[in-house]
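Below: one structure, written as structure tokens.
The values are calculated or read from the model by the stated rules, or taken from the named source; none is laboratory data. Predicted model only: the values in this text are computed from it and were never measured. For neighbour counting, all protein chains shown are included, and Cβ atoms are generated from backbone atoms with ideal geometry for every residue, glycine included. Surface areas here come from the heavy atoms of the whole protein model, side chains and all, with no ligands, DNA or RNA. Shrake-Rupley method; radii C 1.70, N 1.55, O 1.52, S 1.80 Å.
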Amino acid sequence: MDFTIRAVRPEEHEELGDLTGLTYLNDGLLLHGEDDFYLDVLKDTARRARESEVLVAVDADDAVVGGVTFAEGGTAWADIAVPGEAEFRMLVVAPATRGRGVGEALVRACVDRARALTGCARLVLSTDAKMASAHRIYERLGFARTPERDWEPVPGHVLRTYALEL
């Protein structure tokens, strides 16, 4: 598959927001389905792009086939990253393009961005236990589990954490 990783454009905000929301819904990652409060957060790409860095993977026709949010530690979009770290969130790949390297390319782009940050020692992330294919990407790229940092964004929903030392 031929694709490019770049910053999201304003005219792509809605498309990426829809992809992100539908991915979380269809993959069973929202505890309350369509009524989950987090769905609105996932779909609000414009806000994420204003307050952090949002990357997209686009195919040869410029269709959005994936996306990710990258944030420096201690900023509004960093759930677990502290100053001196970076974090990525909301990694999604369109179902029709899974297994073609899009997710890994998006993660590698985040690794590159973290390495370019002055004083950034590690890149961290939170993930649902159900995201086994994503876990394989993280481990293949050298991320290690950090169970001491696992957390619950809402009671009963434990997220696993990983870190890559830079």
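If you sort the three axes of the alpha carbon gyration tensor as a ≥ b ≥ c, you get a/c of 1.5 or more for the range 1-49 and a/b no higher than b/c, which makes it oblate.
Please give the contour-minus-distance gain from residue 14 to residue 118: 0.36 nm per residue of separation, less the Cα-Cα distance, rounded to one decimal in nm. Let's see the in-between values first.
Values: separation 104, 0.36 × 104 = 37.44 nm, distance 3.21 nm.
Using 0.36 nm per residue and subtracting the Cα-Cα distance, I get 34.2 nm.
Within the accessible surface of the chain, defined with a 1.4 Å probe on protein heavy atoms only, the carbon and sulfur portion equals 49 percent.
Using unit Cβ charges (K, R positive; D, E negative) and no other charged atoms, how large, in debye to the nearest 20, is the dipole of the range 1-86 about its Cα centre?
Numbers: 6 positive and 20 negative charges, 62 e Å.
Approximately 300 debye in magnitude.
Taking the Cα centre of the chain as origin and charging only Cβ (+1 Lys, Arg; -1 Asp, Glu), how large is the dipole, in debye to the nearest 20? Could you put the intermediate results ahead of the total?
Numbers: 19 positive and 29 negative charges, 135 e Å.
Charge dipole of the chain: 640 debye, to the nearest 20.
Cα extents for the chain along the principal axes, largest to smallest and rounded to whole angstrom: 40, 36, 30. Can you bin the range 34-88 into rounded, prolate or oblate? Criterion: square roots of the alpha carbon gyration tensor eigenvalues sorted a ≥ b ≥ c, rounded for a/c under 1.5, prolate for a/b above b/c, oblate for the rest. Judged from the Cα gyration tensor, the range 34-88 comes out oblate (a/c at least 1.5, b/c at or above a/b).
Lys and Arg at +1, Asp and Glu at -1: add these up for the other residues within a Cβ distance under 15 Å of residue 65 and post the number. Write down the numbers at each step before the final one.
Values: positive: 6, 9, 98, 100; negative: 2, 12, 15, 18, 59, 61, 62, 104.
So the surrounding residues net to -4.
The simple spin-label model puts a point 7 Å past each Cα toward its Cβ; for residue 136 and residue 150 those points are separated by 2.2 nm.
Taking each full run of DSSP H in the chain as one helix, which ones are at least 20 Å long along their axis (Cα atoms) and have mean Kyte-Doolittle hydropathy of at least 0.0?
Working: long enough: 102-116 (21 Å, 0.35).
Span-like helices in the chain: 102-116.
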